[in-house]
Ligand SMILES: [Zn+2]
Ligand SMILES: [Zn+2]
C-alpha cells in the first residue's frame, strides 16, 4: 500500500519565509567549500549527505494523508490545507473520481482545505465524507457560508455524500479496505482510523492526548488498535508544550512506547507544532531515535529482544511511503 503525505503540520500552516530559505542557502554554501561538485552526479551525492533541514523542508500544510486505492478512487485522512495540494494532482484526472475523506474530527486544521478542493471537482466526481461527529454536515456547510467563502456548499459542482456513523456502527469497507475506528482523548473527541487490506495495516491516529509519564501500555485500548500495524501515523504536537499542558496532543515518547508494545513496524511522527523550524524537527527525530534505544534497553523483554518500532520517520509534505 502506498501512502502520500500532503499536509503534516498541526493547528495552522507553518509558513516558510524568504529569510528561512536564505539561512538554509547560506549554510549549504558554507559546506560547499572544498567539495568536488563537477557534474550532476557529484552534486546529487553532495545534496544527499546534507541533513534534511538543509536539503528540504518539513513543510507547511495542515493534515491530509492519501492512501492509494486505484486511479479513480482515493482514500484521504482529513481535509486540512494539504488537501488543496493533493487536488493539484487529482484534479488532472479526466475520468470520474470518488474521494473517500475520513475525518478524525472537525477542528479547523483538519477541514480547512475542503472548500478550495471541492470547488475544483468535476460534476461527475463524488465526495464521500466519512465521520463520527453528528454535526459534521452542518459544520462543513457553515464553513462555506458567506461572508466566509464565495461559493456555498449547495453550489459545489460534484456530488457530496455524508457517511456519518454512530460510535457503535461500523464503517463499510472501501474497495477492499476494512476500516475501524477508536475514540481518542481530545477537545470534542477525535477518532483514530485503522485501514486493513491483504494483511497490511495502516493506522492514522492524530490529535490524541496520551500522557507519557502515566501511559500504561498494558491498560489502554490503543495497543490492541495499533497491533502489528505496518505504519502508524501519530500525533507529536505536545513535544514542546507538555510542560504547560498536553492540550489534547502527544509526544514522540508516547509514539515510541505504544509502537513498542503494539509491535508497529514504522511510526511516522505527525501533526508537528507549527512553531518548530526544520532544524528543531531534525533534532526531534534524533531525540525520538535516542529514546527508542533507551526504551528498548530497559524493556527488552517486551518483544523477546526484538526492537519496535523498526523505523521512525518525521513526516513532511510530499513524503511517500510503501508498506
Ligand atoms: Zn489538529
Ligand atoms: Zn484537534
- Choice from 229, 18, 187 with maximal GNM fluctuation in the chain (Cα, 10 Å cutoff): 18
- Item | Dimensions in Å of the chain - Rg and Dmax from alpha carbons | 20.4, 64
- Message: Report the Cα centroid-to-centroid distance between the range 281-306 and the range 155-198 in angstrom, as an integer.
- Response: 32 Å
- Message: To check you understand DSSP bridge types, tell me what percent of the beta bridges within the range 64-115 (both residues inside) are antiparallel, rounded to 5.
- Response: 50 percent
- Item | Of all DSSP beta bridges in the chain, antiparallel share, percent nearest 5 | 45 percent
- Message: Could you list 116, 314 so that the one with the fewest beta carbons within 10 Å of its beta carbon is first and the one with the most is last?
- Response: 116, 314
- Could you tell me what percent of the DSSP beta bridges with both partners in the range 174-323 are antiparallel, to the nearest 5? 50 percent
- Message: I need 232, 276, 88 ordered by Cβ neighbour count within 10 Å, fewest first.
- Response: 88, 276, 232
- Final fewest-first order of 185, 22 on the 10 Å Cβ neighbour count is 22, 185
- Query: Hey, what does the equivalent ellipsoid look like for the range 211-323, semi-axes from the Cα gyration tensor as sqrt of 5 times each eigenvalue, largest first, whole Å?
  - Reply: 21, 17, 13
- Between 72, 283, 35, which gets the highest mean-square fluctuation from a Gaussian network model of the chain, Cα cutoff 10 Å? 35
- log10 I(q)/I(0), Debye, Cα-only the range 1-132, no solvent, q = 0.09, 0.11, 0.14 Å⁻¹? -0.38, -0.53, -0.73
- Message: Using the basic label-point model (7 angstrom from Cα toward the beta carbon), what is the residue 322 to residue 23 distance in nanometres?
- Response: 3.6 nm
- Query: Given the rule -39500 (n - 2.57) for each run of at least 4 DSSP H residues, summed and divided by the residues of the chain, what is its mean residue ellipticity at 222 nm, to the nearest 500 deg cm²/dmol?
  - Reply: -8000 deg cm²/dmol
- Query: GNM on the chain, C-alpha springs below 10 Å: top fluctuator among 155, 196, 44?
  - Reply: 44
- Note on the structure: Sorted on mean Cβ neighbours within 10 Å (highest first), peptides 138-145, 168-175 come out as 138-145, 168-175
- Alpha-carbon centroid distance for the pair the range 1-65 / the range 205-256, whole angstrom: 27 Å
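Read-outs: derived from the displayed coordinates by stated rules, not from any lab. Keep in mind that this is a model prediction, so the values were computed, not measured. Reconstructed Cβ throughout: ideal geometry from the backbone, glycine too, with neighbour counts over all protein chains shown.
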